[in-house]
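Asker: The structure under discussion is supplied below as structure tokens; questions concerning it will follow.
Bear in mind these aren't lab numbers, they're just calculated from the coordinates by the rules spelled out. Since the model is a prediction, treat every value here as computed from it, not as a measurement. Glycine also receives a Cβ, built like all others from the backbone with ideal geometry; neighbour counts cover every protein chain displayed.
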Amino acid sequence: MMNQQREQQPHQVGMGQLKIGCHSERLQAVLGSCVGIGFIWKKGGRCGLAHCLLPEAPQEDACLGARYVSQAVPSLLRLMGVRVEDYPDVEVILAGGASMFGGESSRLRIGQQNVAAAQKYLQQCGLNVRYTDLGGKRGRQMQIDCTDQTFSITDLVALTPESAYDHV
């Protein structure tokens, strides 16, 4: 029973990380201004999730990773073994990119920049986005279930100091 519970625990995909899953694995990321890029490749039997912090790498980087959106899209494709002819079979899900810090400064609009970069790099590859839950001012949890190759995105609601206590 304990092993089953461990197997059911999702693999957390932390900031700047990406993970590939198959079979009974679940991938999960908690997103604010970061953008989550999920790939579901039913024919290949694999799923992938990248948790991207920033839109563009300062210089072209061929290393695998997900710190930057510009790095994450090719990394996911490579690690999943997706070839160009397989691109039409890959379902893409985008979530996150919230404005978590307010303000009008371009430094504070990183969520919008991450979203724009994700859309740009996916379009450059000719990948079609199946579903998006982007922007706004709330965090989200994105989960991909590799067992049945489905996904879910859940809003995260922050408690205000007033709502954290019961008012008697």
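Asker: Can you give the extra length, in nm with one decimal, that the chain gains between R130 and S24 once fully stretched, where that is 0.36 nm per residue apart less the Cα-Cα distance?
Answerer: Gain on extension, R130 to S24, equals 35.9 nm.
Asker: Rounded, prolate or oblate: which one fits the stretch 2-156, using the alpha carbon gyration tensor with axes a ≥ b ≥ c (rounded when a/c is under 1.5, else prolate when a/b beats b/c, else oblate)?
Answerer: oblate
Asker: Quick one: which of 144-155, 85-96 comes out on top by average Cβ neighbours within 10 Å, and what's the full order, highest first?
Answerer: Answer by packing, highest mean first, reads 85-96, 144-155.
Asker: Then there is this: So what's the gap between the Cα centers of the stretch 124-142 and the stretch 34-59, to the nearest angstrom?
Answerer: Here the two parts' Cα centres lie 10 Å apart.
Asker: Moving to a separate point now. What is the extension gain from E56 to L79, computed as 0.36 nm multiplied by their sequence separation minus the C-alpha to C-alpha distance, in nm to one decimal?
Answerer: Computed gain between E56 and L79 is 6.3 nm.
Asker: Counting Lys +1, Arg +1, Asp -1, Glu -1, what net charge surrounds H51 among other residues with beta carbon under 12 Å of its beta carbon?
Answerer: With Lys, Arg at +1 and Asp, Glu at -1, the neighbours total +3.
Asker: OK, next. So if we plug the beta-carbon distance of Q9 and Q123 into 1/(1 + (r/R0)^6) with R0 = 30 Å, what FRET efficiency do we get, rounded to 0.05?
Answerer: That gives a FRET efficiency of 0.30.
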